[in-house]
Amino acid sequence: MQEEHMTTIPQMVEDVRTGKMPRRTFIKALTALGISATGVGIITTVSASRAFSSQPSHVVHATEERLKNLDLHQQHLAHQNQSNLGAMSNDYAEHAVVQDSMHPTPFVGREAIMQRKSITALPDLQITVTNRVAHGSQVTAEWVATGSHTTSFPGLPATGRPFTIHGVTVVIRERGKIVHEALYYDMEHVHHQLRTV
């Protein structure tokens, strides 16, 4: 079986931020991965905003991982849409890292990740995947999240207002467990929808 080497999307985001990769090359690389123009726009907007800093990683990928990781990602989304925190917790490696555009620093470790997920859980949150591609152990999913803002977010007290957010999530797995997850979405758009008048 032939293995392929690739740089992950979070690594490319960091390379753009540090000037190691030109923005145009970054956009071409995202497009070549099968990410839509909307998804490319979301990732490039977040990469320019310094919403969070990526930790570089270079991963060796086996080709047959793709189908398995797509299936695991579908299961993870089903657990998330069902608010099944126990199953979601089991999906993360003990040392996993989650980066979220809403938070300036990453969540490190399963316990911190699950604490964040339980605090920010929205009972009517629904995530619909609009595009999903896998490259080795990396799955990139473009999505639309809808729900009601019934839980306070950092700097955004709960308003009860409905929202629709377009975003991209990049998940990297090792031995079937999520070791790195990066959520890219435009927080200015979120603030615009949820701001109180």
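The values are calculated or read from the model by the stated rules, or taken from the named source; none is laboratory data. Given the structure is predicted, the values throughout are model-derived calculations rather than measurements. Positions of Cβ are backbone-derived with ideal geometry, glycine not excepted, and every protein chain shown enters the neighbour counts.
Looking only at the stretch 73-92, count every residue that is over 15 Å from V139 (Cα atoms) and buried (at least 18 other Cβ atoms within 10 Å of the Cβ) and tell me the total.
Summing the residues that are over 15 Å from V139 (Cα atoms) and buried (at least 18 other Cβ atoms within 10 Å of the Cβ) in the stretch 73-92 gives 2.
Given the condition modelled with pLDDT of 85 or more, in contact with a Lys or Arg (Cβ under 7 Å, 6 or more places away or on another chain) and aromatic (F, W, Y), answer yes or no: does some residue in the stretch 88-102 qualify?
For the stretch 88-102, residues modelled with pLDDT of 85 or more, in contact with a Lys or Arg (Cβ under 7 Å, 6 or more places away or on another chain) and aromatic (F, W, Y): present.
Test P157 against the stated conditions and say whether it is at pLDDT below 85, farther than 21 Å from I43 by Cβ and not aromatic (F, W, Y).
Considered against the rule, which asks whether it is at pLDDT below 85, farther than 21 Å from I43 by Cβ and not aromatic (F, W, Y), P157 comes out as yes.
When you scan the stretch 1-87 for helices (runs of 4 or more DSSP H) that lie fully inside it, which ones turn up with 1 or more residues that are of a type in the set (D, E) and either in contact with a helix residue (DSSP H, G or I) (Cβ under 7 Å, 6 or more places away or on another chain) or at pLDDT below 80 (or both)?
Passing ranges, in order: 65-81.
Collect the residues in the stretch 130-152 that are touching a residue at least 24 places away in the same chain (Cβ under 8 Å), over 17 Å from A32 (Cβ atoms) and hydroxyl-bearing (S, T, Y), keeping them in residue-number order.
Correct list: T130, S137, S148, T150, T151.
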